[in-house]
Amino acid sequence: MTDEVNGAVHDEAITEDGEPRPEYAHVLKAVSDLGPEALGERKNRVDDSLRSLGVTLNVYGRDSPQVFPLDAVPRIVPADQWGRITAGIEQRARALEMFLRDIYGAGEILRAGVVPEEALRRAPGFRPTGRSVPEGALHAPVCGVDLVSTSPGEWIVLEDNLRMPGGMALAVGLRDRIAEGYPEFGARTGVYDPRDALDMLADTLRAAAPEGVADPAIAVVIAEDERESFDLNQVTSALGGTLVTAADLRCDGGRLWRADGSGGEPVDVLFVRMDEEALLSSAGADGTVLRSGLLDAMAQGGVAVVNAPGNGAADDKAIYALVPGIIEFYLGEKPLIGQVDTLLCSDPAQLQQVMDRIGELVVKPIDGYGGSEITVGPECSPRELDERREELRRHGERFIAQEVQPLSTLPTFDGGDLRRRHVDMRAFVLLRTGGAGEILASAPPVALTRVAPAGTMVVNASSGGGGKDTWIHRA
């Protein structure tokens, strides 16, 4: 395997002595036995299958969608590591749900000074729309958590996503393609079937339905240009729902309706997989802008919106820095999983530290998605660093900075050889309310592993990276 990354970064599959770790021995031998030529042919067939299914993405600088490249070598997560990960992210999701309820309600955490009011005011995702969620209803039944492994067996949270976390159905599709394309890997004995996660998601959305609705009608609302999305179509099918755009919906009588030839069908649960503002500002089927009617229907309990508007206040990257305190405030517990130490560029003293060390740090916009607008100091040219300094001088409150994390690598086939590539992992947490109103959290046995392009640690599919199947071992 060719090494193109910092040697101080650990590889999850290969030891420092160049030997396969025990859990990877069988797979790496199968890959080696295939050889580069056969491996290239298999990869091309798998990519063709993905392309035919519509598993594509828009890559920066490309005019047309590109296939989401799937690598042969899976990521393998041992059961003990998965147990620690799930305990940590379930705790985190419960605390962030309580945070959302509080900031759109009593505001106790603000009065206690754990989260400064000015930090919340600066959060672009903190919006009056969050107050339309009825008391006792969940703001974020479906949570995404992006994680990285920083040393063997150790994981930390890189980002939270409580707005529209996707990728669960895609992870199932990647498993199918690997099973089909690489039968040499054999049966995955002791490995979770990711399809179980889709069943859990369906149960979660049904449980989110308004009170008294036993068999809810579910609609998945998407942007018009996402109609062919594999992930969105597959998740809609798994939910037994209907794929719609904003133009298919209308509000009337405190209810949400899906327009059809007979006048309309009620929607009890709206699973939102598009930008909040784009949805609310869109005209519905009757030509009326959805904002007022949809928010009213939510507030009256006529429809459950999953995830709710206003959730961006909890996955804002400046709020991320405060999550350990949020966990302690609401749960009275220490965090069970770590996160990255974060400098808030809104603070003059911390901003000066960032300016002094900008070539060593990762700088991110507080409201950015994925890898957009991120600068990784060691990967930047002097000109790029100067441009970021100027942005920080003018709008420091829009940014945070973090130490460069030693993101793990995995062997990845580049068409001729196995090379180390940095990886992250998206996991999920599903929430529902218990009989006494408590918040119950469960992490389904599925994860989406994403691969960084060569020469960078920014793991973002839109930059041209790909994915891997993720094998999670049962206890």
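At a glance:
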| item | result |
| --- | --- |
| Condition broken by SER281, with the remaining ones in (1) touching a helix residue (DSSP H, G or I) at 6+ places or on another chain (Cβ under 7 Å); (2) exposed (fewer than 14 other Cβ atoms within 10 Å of the Cβ); (3) within 26 Å of ALA197 (Cα to Cα); (4) not aliphatic (A, V, I, L, M) satisfied | (3) |
| Single match in GLU328, GLU333, GLU379, GLU360 (criterion: out of contact with any Lys or Arg (no Cβ under 9 Å at 6 or more places or on another chain), modelled with pLDDT of 95 or more and of a type in the set (D, E, K, R)) | GLU333 |
| Close pairs (6 angstrom Cβ cut-off, 6 or more residues apart or separate chains): over 17 Å from ALA119 (Cβ atoms) in the range 340-356, surrounded by fewer than 17 Cβ atoms within 10 Å (Cβ to Cβ) and among the polar types (S, T, N, Q) anywhere | none |
| Selected residue (criterion: farthest from ASP260 (Cα to Cα)) from residues of the range 206-229 that are hydrophobic (A, V, I, L, M, F, W, C) and surrounded by fewer than 18 Cβ atoms within 10 Å (Cβ to Cβ) | ALA207 |
| Matching option when the condition is surrounded by fewer than 14 Cβ atoms within 10 Å (Cβ to Cβ), under 16 Å from TYR330 (Cα atoms) and without any contact (Cβ under 8 Å) to a residue 24 or more places away in the chain, among ALA106, ALA112 | ALA106 |
| From the options ASP248, ASP286, ASP275, ASP203, residue that is surrounded by 16 or more Cβ atoms within 10 Å (Cβ to Cβ) and touching a Lys or Arg at 6+ places or on another chain (Cβ under 9 Å) | ASP248 |
| Flag for ALA318 being at pLDDT below 95 and either surrounded by fewer than 23 Cβ atoms within 10 Å (Cβ to Cβ) or touching an Asp or Glu at 6+ places or on another chain (Cβ under 9 Å) (or both) | yes |
| Test result for GLY144, out of contact with any Cys (no Cβ under 6 Å at 6 or more places or on another chain) and at positive phi | no |
| Residue match in the range 108-130 (condition: in a loop (DSSP other than H, G, I, E, B), at pLDDT 95 or above, touching a Pro at 6+ places or on another chain (Cβ under 9 Å) and not basic (Lys, Arg)) | no |
| Single condition ALA197 does not satisfy, out of (1) surrounded by 14 or more Cβ atoms within 10 Å (Cβ to Cβ); (2) under 20 Å from ALA297 (Cβ atoms); (3) at pLDDT 95 or above | (2) |
| Number of the condition not met by LEU418 [criteria: (1) surrounded by fewer than 17 Cβ atoms within 10 Å (Cβ to Cβ); (2) closer than 25 Å to PRO69 by Cβ; (3) of a type in the set (A, V, I, L, M)] | (1) |
| Some residue of the range 177-193 being among the small types (Gly, Ala, Ser), over 24 Å from LYS43 (Cα atoms) and at pLDDT 95 or above | no |
| Given (1) buried (at least 22 other Cβ atoms within 10 Å of the Cβ); (2) within 22 Å of the chain's Cα centre (by Cα), index of the condition ALA72 fails | (2) |
| Single residue of the range 131-176 satisfying the filter (part of a strand (DSSP E or B) and among the β-branched types (Val, Ile, Thr)) that is surrounded by the most Cβ atoms within 10 Å (Cβ to Cβ) | VAL145 |
| Residue in the range 397-417 that is over 29 Å from ARG163 (Cβ atoms) and among the aromatic types (Phe, Trp, Tyr) present | yes |
| Subset of the range 10-48 that is part of a loop (DSSP other than H, G, I, E, B) and under 25 Å from ASP176 (Cβ atoms) - its residue that is farthest from the chain's Cα centre (by Cα) | ALA13 |
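Yes/no per residue for (1) farther than 13 Å from VAL269 by Cβ; (2) of a type in the set (A, V, I, L, M); (3) at pLDDT below 95:
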| position | (1), (2), (3) |
| --- | --- |
| ARG206 | no, no, no |
| ALA219 | no, yes, no |
| LEU243 | yes, yes, no |
| CYS251 | yes, no, no |
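The values are calculated or read from the model by the stated rules, or taken from the named source; none is laboratory data. The shown structure was predicted, so the numbers you read here are calculated from the model rather than taken from an experiment. We place every Cβ from the backbone using ideal geometry, glycine too, and count neighbours over all the protein chains shown.
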